[in-house]
Amino acid sequence: MASILSRRSMTSAVWMALLFVLLIASLYVLGTMALRLDRFSQYYSFLLVANGLALLFIGTLIVLNGWRLTQEWRAQVAGSRLTVKFVILSVVLALVPVLLVYSFSVRFLRANINSYFDIEIEQALDDALELSRESLGLQMRTLQRDTLNVADQLVGVSDNMAVVELNALSADSEASEMTLIGPNNRIIASTGLSDQLNVQPVRPDDDLVSRAKSGIGYVGVDPVGQNDLYIRVVTPVLSDDPTQENSVLQALYPIATRSAKLAESVQTSYQQYRSLVFLRRPITLSTILTLSLALLLSVMMAVWFAFYAARRMMSPVHELVEGTRAVAEGNLQTRIYKKSKNDELGYLVHSFNYMTLQLEQARDKTQTSQLQLESQRAYLQAVLGQISSGVITLDSQQVVNTVNAAAISILGDELQGLTGRKISDGAKISNLTGQFCDQVLSFLESGSKATKHKHWSAEMDVVAESGRRFLFVRGAELEGSGSEGSGTVLVIDDITVMISAQRDAAWSEVARRLAHEIKNPLTPIQLSAERLRRKFSKKLNGEDTEHLGRLTATIENQVDSLKSMVNAFAAYASTPQLNLVKTDPNSLLKEVMELYEGTRGVHIELDLSPEVRELPLDVPRIRQLVHNLIKNALESQSEQTHPQVRIISLERGQPSFRELEIRVEDQGPGFELDNLGRLFEPYVTSKTKGTGLGLAIVKKIVEEHGGSIKASNREQGGAMMTLRFPYPSGIVVTGGDA
Amino acid sequence: MAEVKRSRRQMLVGVGLTAAAGLGSVALLSGYSARLKSERIDIQSAVLREVNNRWLFDCRATIDLPARIQLGLESGVPLQFIVSVKVTKPVDFWPDDVLLSAKRRFRLVYYELTRHYRVHSVEDDKSVNTRSLLSALDELGSLNLLDVTDWVKNSTDLSDSSIAKNASVSIALDQQYLPLPLQHLFNSDWRLASEEFVWPLS
């Protein structure tokens, strides 16, 4: 495209140069014509109009160029301001000398033309003309006298004799023709001796005849025929009869050839000079007009060429600016066509193209690296998202960079708000995050630096709404180029469940051993106590018998109590084979609730969803579970006159994973937060009575059914136990053992 | 490519504007020129008749020279008047058929030495000398028995009295004969012409 532009630009320049040459040539011809007064220049007007139209064409082009440049200026097109400056400068540079030359040329032209018309020459021509007249006048006076003599001799001559007399008289004179005109204006006689005259006599003008009749004669140099000069004398011939008008005699005398030529020469020169004098102003105006046209042509061509040159020269600059803008906007594929090869602009264009090429390659490399980095980051995010351990990364300024899903799961959704903030701001996010961050921060600031270990680990515990949770945190300082490293990565594992399981396992072992070791001696102790009472009650009297009875009763009661406790431990420690039967949970809950009907002051509310389906359950153990929960709920409201328990059943979860949820709510004081995490451990209880194994057994039953249990406090007060039992996926239980 | 189109469009616009301006200028000049025409030649009568197979033209006109032209004449500028005689046959829906088209030239010159004027018929090579401008103009305006037979294009139709014809005559100062500086487009002082005198010719 650029080559087309360049070729087109050259073509227009060639055409304009041709037009310029033609105009200059035509102006030269015009100038030549204007200075010559001959009449061959019939194309003068045509050339003048053609030049005017050509100038109009160039002027139109200039106006269009100017308008276009103005538009570009207003639109702030790249390079337009420089082009305007260049054009203005070029025009001024061209205009000043041209105007100077023009003014001087006009002045010299006027002076030159005025110099043609010298006063002395004019005076000399006037004098020559007057001299010619005087010379002719002398001849005229002589010839007038001769003619008067002839007229005197014709006085009294009759008309019939007039021809003879006139011929005789004219023979003695130099007249080439004599004509006698009678009173009636008829030619009476005429004589002609020259062949140059017409056959018909030359009749004088009527006014001359009239004046002659009245006595006033005439003498003058008159042209007769084509170009011949004659001295004409018209004089009256007096009549004898006073009543008759005078006759008139006209005599024509040829002027000598030499004198005639000289007179004609003088007249021709005089007329030419007078003509020049008369045409002086039009000639001056014509010449100035031609000169002005040449000036206008020069100026307009200079202006047009200024536009042309400015555009041609500014074209690479314009493209460079446009290219720079494009590069600034991110288009690094911008290349500029190199029009000029060896000048500075060509070198600049080459450098620009090389620069954009380098930038493009560098950007491609950067983009490739960035894509690889993004890919690796995505891969890492995917890995971090899939692992169960929470991962938090900090930079060298302890600002949280990344937090994976597991960490959010462990420390709550609020942890996301810590991204981009310093870890010391953890307390501002949430209580749980604050507890974690404080411990990590203290460890980061004191522990790791003190030991100068790059890898460390620690167990931390935090109290959440769901209770105390135990975290195992490992930290590692990332390698970096700085002295402080590039950051720290924290790996968090929630070991609450594991610790709980370990405790459960330990308690189960303890319970099993206790049951085994304590239960065996209890029967002999009880039997021995009964034997002691039977054997010694008869031997003792009065108070001793009574005292023995009380003691043995105490032993038996305590043994019973121990048996109950041992049975409870046995139940906790035992892992019986579940007898799963497809059961309607709502029916089971109603059945258990019926046992509490009639209990004074107790109000148990059932909110059972009819959509709850049957699922395989070990009915006795579930019944025991519900009993325990109701019992616990009632015991927590022992100080209330109207304890209330509400049991809710519903189905929840996604279509692919449905769960039965049973909630038992009371209006008691709720759970203490410190115990909330350990509520299901044996001997963790806030009650003064009982074995402390109730909730532990409840949890065990739930877990045996593959479910989960959660204890929490209700917002409106009271405690809430939430149990969830999963429906077997894809299996429709019809009854019998599961 | 857009640059090429813009350059071509600009050139075309330039040519178009120039043509429009040229046409406008020509129209203005024509109007101006027509307005500048000084009607100081008044044709009072004209007759064209056939005598012995020769077509003779008589005309009577009054010519009033403006002072500027009089001054030029007395300064030695020769004047040439063109008498244009035309006979046309009207044709429906078509340009008129020209049966005769004659142009006769008459020159008027002043001689300072003898202080007289000369009226010279170029085609006939005949001259008449007068001692006053009035006489010269009277001579110029009195055309008698001017033979225009040589300019007849269709003598049959011209002689046919049954055909309706229009004859016209106009007298004008010949601009081309004037010295070049006086021929300028806007030089109104030297524009002298009569209105076309038209009469039916039977």
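The values are calculated or read from the model by the stated rules, or taken from the named source; none is laboratory data. Keep in mind that what you see is a predicted model, and the values were worked out from it rather than measured. Here the Cβ positions follow ideal geometry from the backbone for every residue, glycine too, while neighbour counts run over all protein chains shown. Heavy atoms of the whole protein, side chains included, go into the accessibility calculation; ligands, DNA and RNA do not. Shrake-Rupley method; radii C 1.70, N 1.55, O 1.52, S 1.80 Å.
Values for this structure:
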item	result
Members of the range A:288-328 that are in contact with a Lys or Arg (Cβ under 9 Å, 6 or more places away or on another chain) and closer than 17 Å to A:Asn51 by Cα	A:Ile288
Every pair of residues 6+ apart whose Cβ atoms lie under 8 Å, when the first sits in the range A:630-657 and is at pLDDT 90 or above while the second is open to solvent by 80 Å² or more (accessible area, probe 1.4 Å) and of a type in the set (Asp, Glu)	A:Leu650/A:Glu611; A:Glu651/A:Glu611
Count - residues of the range A:211-245 that are assigned to a loop (DSSP other than H, G, I, E, B) and farther than 28 Å from A:Gly156 by Cα	3
Index of the failed condition, B:Arg104 passing every other in (1) out of contact with any helix residue (DSSP H, G or I) (no Cβ under 7 Å at 6 or more places or on another chain); (2) open to solvent by less than 30 Å² (accessible area, probe 1.4 Å); (3) within 14 Å of chain A (Cβ to nearest Cβ); (4) assigned to a strand (DSSP E or B)	(3)
Residue selected from the range B:27-68 under the condition part of a helix (DSSP H, G or I), open to solvent by 70 Å² or more (accessible area, probe 1.4 Å) and modelled with pLDDT under 60, by the criterion farthest from B:Leu100 (Cα to Cα)	B:Tyr32
Single match in A:Gly706, A:Gly668 (criterion: modelled with pLDDT under 90, of a type outside the set (Lys, Arg) and open to solvent by less than 30 Å² (accessible area, probe 1.4 Å))	A:Gly668
Of all residues in the range A:159-176 being outside any helix (DSSP H, G or I) and in contact (Cβ under 8 Å) with a residue 24 or more places away in the chain, the one that is most open to solvent (accessible area, probe 1.4 Å)	A:Glu174
Index of the failed condition, A:Leu252 passing every other in (1) part of a strand (DSSP E or B); (2) open to solvent by less than 20 Å² (accessible area, probe 1.4 Å); (3) more than 24 Å from A:Val157 (Cβ to Cβ)	(3)
Matching residues in the range B:143-169 - criterion: being among the aliphatic types (A, V, I, L, M) and either part of a loop (DSSP other than H, G, I, E, B) or within 14 Å of chain A (Cβ to nearest Cβ) (or both)	B:Val148, B:Ile163, B:Ala164
Residue identified as more than 60 Å from the chain's Cα centre (by Cα) and either open to solvent by less than 60 Å² (accessible area, probe 1.4 Å) or assigned by TED's automatic domain parsing to the domain that holds A:Leu606 (or both) among A:Leu679, A:Leu650	A:Leu679
Matching residues, the range A:616-639, being closer than 18 Å to A:Glu597 by Cα and part of a loop (DSSP other than H, G, I, E, B)	A:Gln637, A:Ser638
Total residues in the range B:175-201, condition within 14 Å of chain A (Cβ to nearest Cβ) and either free of Cβ contacts under 8 Å to residues at least 60 places away in the same chain or not acidic (Asp, Glu) (or both)	16
Test: residue in the range A:139-150 that is more than 30 Å from A:Val234 (Cα to Cα), more than 12 Å from chain B (Cβ to nearest Cβ) and of a type outside the set (Lys, Arg)	no
Top-ranked residue of the range A:204-248 - restricted to ones that are buried (at least 17 other Cβ atoms within 10 Å of the Cβ) and of a type in the set (Ser, Thr, Tyr), ranked as farthest from A:Val150 (Cα to Cα)	A:Tyr230
Some residue of the range A:680-695 being modelled with pLDDT of 85 or more and farther than 28 Å from A:Val581 by Cβ	no
All positions within the range A:549-603 that are over 22 Å from A:Ala696 (Cβ atoms), of a type in the set (Gly, Ala, Ser) and outside the structural domain of A:Ile697 (by TED's automatic domain parsing)	A:Gly549, A:Ala553
Conditions (1) not assigned by TED's automatic domain parsing to the domain that holds A:Leu252; (2) not in a loop (DSSP other than H, G, I, E, B): number failed by A:Gln76	(2)
Selection count where residues are more than 7 Å from chain B (Cβ to nearest Cβ) and buried (at least 19 other Cβ atoms within 10 Å of the Cβ), scope the range A:267-286	1
Flag for A:Val221 being closer than 29 Å to A:Leu125 by Cβ and within 10 Å of another protein chain (Cβ to nearest Cβ)	yes
Every residue from the range A:518-544 that is among the polar types (S, T, N, Q) and open to solvent by 90 Å² or more (accessible area, probe 1.4 Å)	A:Asn520, A:Asn541
Exclusive hit being crowded, with 16+ Cβ neighbours inside 10 Å and assigned to a helix (DSSP H, G or I), set A:Ala506, A:Ala515	A:Ala515
All positions within the range A:61-80 that are β-branched (Val, Ile, Thr) and without any contact (Cβ under 8 Å) to a residue 24 or more places away in the chain	A:Val63, A:Thr70
Criterion violated by B:Ala172 - all others in (1) of a type in the set (A, V, I, L, M); (2) surrounded by fewer than 18 Cβ atoms within 10 Å (Cβ to Cβ); (3) assigned to a strand (DSSP E or B); (4) within 14 Å of chain A (Cβ to nearest Cβ) satisfied	(4)
Count of the range B:107-142 residues which are in a loop (DSSP other than H, G, I, E, B) and either within 11 Å of another protein chain (Cβ to nearest Cβ) or in contact with a Gly (Cβ under 8 Å, 6 or more places away or on another chain) (or both)	7
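Residue-by-condition table, conditions (1) of a type outside the set (D, E, K, R); (2) touching a residue at least 60 places away in the same chain (Cβ under 8 Å); (3) within 30 Å of A:Arg81 (Cα to Cα); (4) not assigned by TED's automatic domain parsing to the domain that holds A:Val84:
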| residue | (1), (2), (3), (4) |
| --- | --- |
| A:Lys261 | no, no, no, yes |
| A:Gln271 | yes, no, no, yes |
| A:Thr287 | yes, yes, no, no |
| A:Ser292 | yes, yes, no, no |
| A:Leu297 | yes, yes, yes, no |
| A:Met301 | yes, yes, yes, no |
| A:Arg312 | no, yes, yes, no |
| A:His318 | yes, yes, yes, no |
| A:Gln333 | yes, no, yes, yes |
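Let's see how each residue does on (1) more than 10 Å from every other protein chain (Cβ to nearest Cβ); (2) open to solvent by 30 Å² or more (accessible area, probe 1.4 Å); (3) at pLDDT below 65; (4) more than 31 Å from the chain's Cα centre (by Cα):
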site	(1), (2), (3), (4)
A:Ser3	yes, yes, yes, no
A:Met16	yes, no, no, yes
A:Asp38	no, yes, yes, yes
A:Val49	no, yes, no, yes
A:Leu55	no, no, no, yes
A:Leu61	no, no, no, yes
A:Arg68	no, no, no, no
A:Glu72	yes, no, no, no
